[in-house]
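Have a look at the structure below before the remarks.
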2 protein chains.
Amino acid sequence: MVTIRDVAKLAGVSVATVSNTVNDPQRVSDELRERVLKAINTLNYAPRAAARSLRKQSSGLLGLIVADITNPFFTELVQAVEAIASQHGYSVLLCNSDEDPVREEKHLQVLRSQWVDGIILATTGEASLSRTSLLSQSRVPVVLVDRAFDGLGLDAVVLNNRLAAHQATQHLIRRGHTRIGLLSGPTSVTTGADRLAGYREALLASQLRFEPGLVREAGFREQQAYDATVELMRLPQPPTAVFAANNLMAIGMMRALSDLGLRCPDDVSVISIDDFAWANVFRPKLTTIAQPVREMGEMAVQLLTDRISGGRTGTGKTHFLESRLVIRESCAAPLDTAQPLPAQSS
Amino acid sequence: MVTIRDVAKLAGVSVATVSNTVNDPQRVSDELRERVLKAINTLNYAPRAAARSLRKQSSGLLGLIVADITNPFFTELVQAVEAIASQHGYSVLLCNSDEDPVREEKHLQVLRSQWVDGIILATTGEASLSRTSLLSQSRVPVVLVDRAFDGLGLDAVVLNNRLAAHQATQHLIRRGHTRIGLLSGPTSVTTGADRLAGYREALLASQLRFEPGLVREAGFREQQAYDATVELMRLPQPPTAVFAANNLMAIGMMRALSDLGLRCPDDVSVISIDDFAWANVFRPKLTTIAQPVREMGEMAVQLLTDRISGGRTGTGKTHFLESRLVIRESCAAPLDTAQPLPAQSS
DNA sequence: CTATATACTTGAAACGTTTAAAAATCTCCC
DNA sequence: GGGAGATTTTTAAACGTTTCAAGTATATAG
């Protein structure tokens, strides 16, 4: 194990000089810098982060907690955050809560004791008491992403979910649909609640009735969406179009439709929030509402580093980013002849 | 900032006792333990990882470097590694090299100075000199995953790539194909080279000629696969089936076929390595060779923690895991009437 | 009652850096 | 040659833990 002392000895200087050449090279004379650098190289010295963090009271680590690493949205977010953080000289400690509040809290605890310099959090659920206190007590800057929290005064960067859902629903309405199903996320998280709200607004704006029977609340996962779709389609009067609140749910829905022998967009039109790399390899190519994922990541990191450096203080605000409608092939006009499915036989 | 001293003072004990109750509770009497725990709670004390690492000479961090976080294979790997590592009490420092050897090396440097306790590496390229020396010089345990290295004596857990490719190619042959294209990964990494080898072997085993003109080497990314597919299909005698060396390439291929107006599996059959959650939402559902991704992750972590604990020493070996053929809809018998595409008109 | 073993507790020395302040060296001018 | 000022280097004190050796109290045996 080679320490700064070994380097100092080999170069014939004090440890302070070594430290200086590493951290602030122009403070040391050309000659010594030369010698020190050479010593560092021959010894293959790397400063020990733990010691440095201890002394500097900062770790150079950013914590990133995502709700589901399997979801391409979060994957892209991770990619963006990692890239930008790295540019800022930070490494990222990735945590995956798998949509489980308990795991999320555990991760939060770990990050707290790792003394990360800041946390980017895509939270999994409503503001539970323990998490809230965890967040408010620890003095490490936190910025929320994708899913917001109210009341803690944290910075957040999220999609304008209401508008996005409005956009999606409206698109369906414009194609002539009047019975539009919604595969909603859990309304306990803002992405769930706001998208539901946007859907309702769009309906109302077009003088369409909001029918609770046409919305199914499910987790943001595929299987539940599958089941919900089946239920929806077995209604006496099934919807002619369905809006899925995120990408995973869209996939569950597509699979269900396919298993039910329903054709998209012929039998039922489909739209969803979250564009993703493969949306256009599906048959039909999926019409989606795209989120500016990379921007979200960038903004989150920026906000966070601003906080860390002290350039940003006071209570945070929520930053809304705009969505974009990507029209492909999964939305068509409703079939006038649409009939309910036969009742389940098994 | 609350330190162990504050806790000690409040509880009226020495810091050593606090440390003991945290790390080895049964060493301290019930009474004191009680008092200390209460103090910890009221002060909301969390030990500082940096200080602990410094003293214990271990950080509780595992480094994980993946080649492409956007690839569902790696996503699943990350998920598995994170889960298991967390069970073992480790947090994971995620790095994404984006298939760029330079970034990979940079990450390796960072991990080295973070003094992670171990590294799981899905390397990006061949054993470059600097990376090799980086790996061999630092005394932190490394296990390779997905892509192996020879010569450094590292533990590695990889797919039996030769066999997997053999399996895929054979499946196509059994369906009656004789002109089988290959979208190969870079042969500079083992996953590229071995899959190519397996393809060749399967051909030879069935007395089919290996035609270099039918294999296109590309990165493991989508766009290059797209371009390669277009080239392949514009050959005077295009293949009637194509084997893509990984999931991303399969997607690029599907997109290309669709853009070329070719139908799968009617016009061309398709198979690929890497099963992924959505392979069966594609139309047609993709026939694939599935990797036991989670097992790979588990095994890698296990191997690593064994090394860390000293339970495993000496030069490592490569562990091969077996693949599984998942038959869906993308492979059919070749069209006897297959004709070359018309030459490019634009 | 003493000696000895046992069970807890604690003082103090690490761990490897950074950094303020002190010391040393250099520069330049009178 | 001396000294003010600027520049460079070094000394030494942190940072917050863990952990060993040493200490104290308590029980057990003789």
Selection from A:THR191, A:SER258, A:GLN224, by position along the positive dipole direction of chain A (Cβ):
A:THR191
Charge dipole of the stretch B:9-167 about the Cα centre (unit charges at C-beta), most positive-ward option of B:VAL142, B:VAL18, B:VAL78
B:VAL18
Over chain B, with a Gaussian network built from C-alpha contacts below 10 Å, which listed residue (B:ASP275, B:ASP306, B:ASP155) shows the highest mean-square fluctuation?
B:ASP306
By counting other Cβ atoms within 10 Å of each Cβ, how are A:ILE69, A:ILE273 ranked from fewest to most?
A:ILE69, A:ILE273
Taking the label point 7 Å from Cα in the Cβ direction, how far apart in nm is A:HIS88 from each other copy of itself, listed shortest first?
3.1
Tilt, helix A:293-308 to longest principal axis of chain A (alpha-carbon atoms), in degrees rounded to tens, equals 40
³J(HN,Hα), Karplus 6.51/-1.76/1.60, whole Hz, each residue of the stretch B:179-193, x for Gly, Pro:
9, 10, x, 10, 9, 8, x, x, 6, 7, 10, 4, 4, x, 5
Using Cα positions and a limit of under 16 Å, work out the lysines in reach of A:LYS285, with same-chain residues fewer than 8 apart set aside.
B:LYS285
No solvent, one uniform scatterer per C-alpha: report log10 I(q)/I(0) for chain B via the Debye equation at q = 0.07, 0.15 1/Å, two decimals.
-0.40, -1.15
0 to 90° range, to nearest 10: angle between helix B:30-43 axis and chain B longest Cα axis
70
Could you go through the stretch A:195-204 in sequence order and give the Karplus-derived ³J(HN,Hα) for each residue, using 6.51 cos²θ - 1.76 cosθ + 1.60 with θ = phi - 60°, rounded to whole Hz, and x for Gly and Pro?
5, 4, 4, x, 4, 4, 4, 5, 4, 4
Two-site label geometry, B:GLN302 and A:LEU43: point separation in nm, points 7 Å out along Cα→Cβ
4.1
Over the stretch B:4-47, what per residue volume does the convex hull of the Cα atoms give, in whole Å³?
54
Cα pair distances in the protein assembly as shown, grouped into 20 Å bins until the bin that holds the longest one, percent each
16, 44, 32, 8, 0
Could you list which residues have their amide H under 5 Å from that of B:THR318, counting only those 5 or more apart in sequence or on another chain, with H placed in the peptide plane?
B:ALA156
Rounded to whole Å, sorted largest first: equivalent-ellipsoid semi-axes of the stretch B:161-290, Cα gyration tensor
19, 16, 15
Each residue of the stretch A:329-335 in turn: what ³J(HN,Hα) in whole Hz from Karplus with 6.51, -1.76, 1.60 and θ = phi - 60°, glycine and Pro shown as x?
10, 8, 10, 9, 6, x, 6
Partner lysines whose C-alpha sits under 29 Å from that of A:LYS106, ignoring same-chain residues fewer than 8 away, are A:LYS56, A:LYS317, B:LYS9, B:LYS38, B:LYS56
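Only four residue types carry charge here, +1 at the Cβ of Lys and Arg and -1 at the Cβ of Asp and Glu. Report the dipole size of the stretch B:161-290 about the Cα centre in Debye, rounded to the nearest 20. Before the final figure, lay out the partial values.
On the way: 14 positive and 12 negative charges, 55 e Å.
Charge dipole of the stretch B:161-290: 260 debye, to the nearest 20.
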Show the residues, 5+ positions off or on another chain, whose built amide H is closer than 5 Å to the amide H of B:VAL145.
B:LEU121, B:ALA122, B:THR123, B:VAL157
In nm, what does the list of distances from B:PHE210 to its counterparts in the other copies look like, shortest first, when each label sits 7 Å along Cα to Cβ?
6.5
Hey, rough spin-label estimate for B:GLU105 and A:VAL102, points 7 angstrom out along Cα→Cβ, what's it come to in nanometres?
4.6
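Grab the beta carbon distance between B:THR315 and B:THR132, set R0 = 22 Å, and tell me the FRET efficiency rounded to 0.05.
Details: r = 15 Å, r/R0 = 0.68.
My answer for the efficiency is 0.90.
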With label points built 7 Å along Cα→Cβ from the Cα atoms of A:SER29 and A:ARG139, find their separation and express it in nm.
4.1
Amide H contacts under 5 Å for A:SER184, restricted to residues at least 5 apart in sequence or on another chain and with H modeled in the peptide plane, are A:ARG216, A:GLU217, A:ALA218
Just report the Cα centroid separation between the stretch A:155-177 and the stretch B:39-109, whole Å.
37
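Per-residue mean of other chain beta-carbon atoms within 10 angstrom of the beta-carbon, peptide B:43-52? All intermediate terms of the calculation are to be shown ahead of the outcome.
Values: counts 0, 5, 1, 8, 2, 9, 12, 16, 5, 4.
Mean number of neighbouring Cβ atoms from other chains: 6.
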Run the label-point distances for B:ARG174 please: 7 Å along Cα to Cβ, every other copy, nanometres, shortest first.
5.0
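Using Cβ contacts closer than 10 Å as the measure, can you line up A:VAL326, A:VAL145 from fewest to most?
A:VAL326, A:VAL145
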What is the magnitude of the charge dipole of the protein assembly as shown about its Cα centre, with +1 placed on the Cβ of each Lys and Arg, -1 on the Cβ of each Asp and Glu, and no other charges, expressed in debye to the nearest 20?
1500
DSSP-defined beta bridges in the stretch A:234-346 - what % are antiparallel, rounded to 5
30
Highest GNM mean-square fluctuation, chain B, Cα pairs closer than 10 Å: which of B:SER184, B:SER330, B:SER206?
B:SER206
In a GNM of chain A with a 10 Å cut-off on Cα contacts, which of A:ALA277, A:ALA290, A:ALA164 has the highest mean-square fluctuation?
A:ALA277
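Are there trypsin sites (Lys or Arg not before Pro) in the stretch B:68-146 that DSSP puts in a loop and that have at most 11 other Cβ atoms within 10 Å, and which ones?
On the way: sites: B:ARG103, B:LYS106, B:ARG112, B:ARG131, B:ARG139; in loops: B:ARG139.
Qualifying residues, ordered by number: B:ARG139.
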Please give the helix B:247-260 orientation as an angle from the longest Cα principal axis of chain B, in degrees from 0 to 90, rounded to the nearest 10.
30
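Show me the trypsin sites (Lys or Arg not before Pro) within the stretch B:187-264 that DSSP assigns to loop and that have at most 10 other Cβ atoms within 10 Å of their Cβ. Present the calculation step by step, with values, prior to reporting the outcome.
Working: sites: B:ARG195, B:ARG200, B:ARG209, B:ARG216, B:ARG221, B:ARG234, B:ARG255, B:ARG263; in loops: B:ARG209, B:ARG221, B:ARG234, B:ARG263.
Sites meeting the loop and neighbour criteria: B:ARG209.
Read the figures in this text as sums done on the coordinates, not as results from a lab. Because the structure is a prediction, the values reported are computed rather than measured. Because the Cβ atoms are built from the backbone with ideal geometry, glycine has one as well, and the counts that use them run over all protein chains shown.
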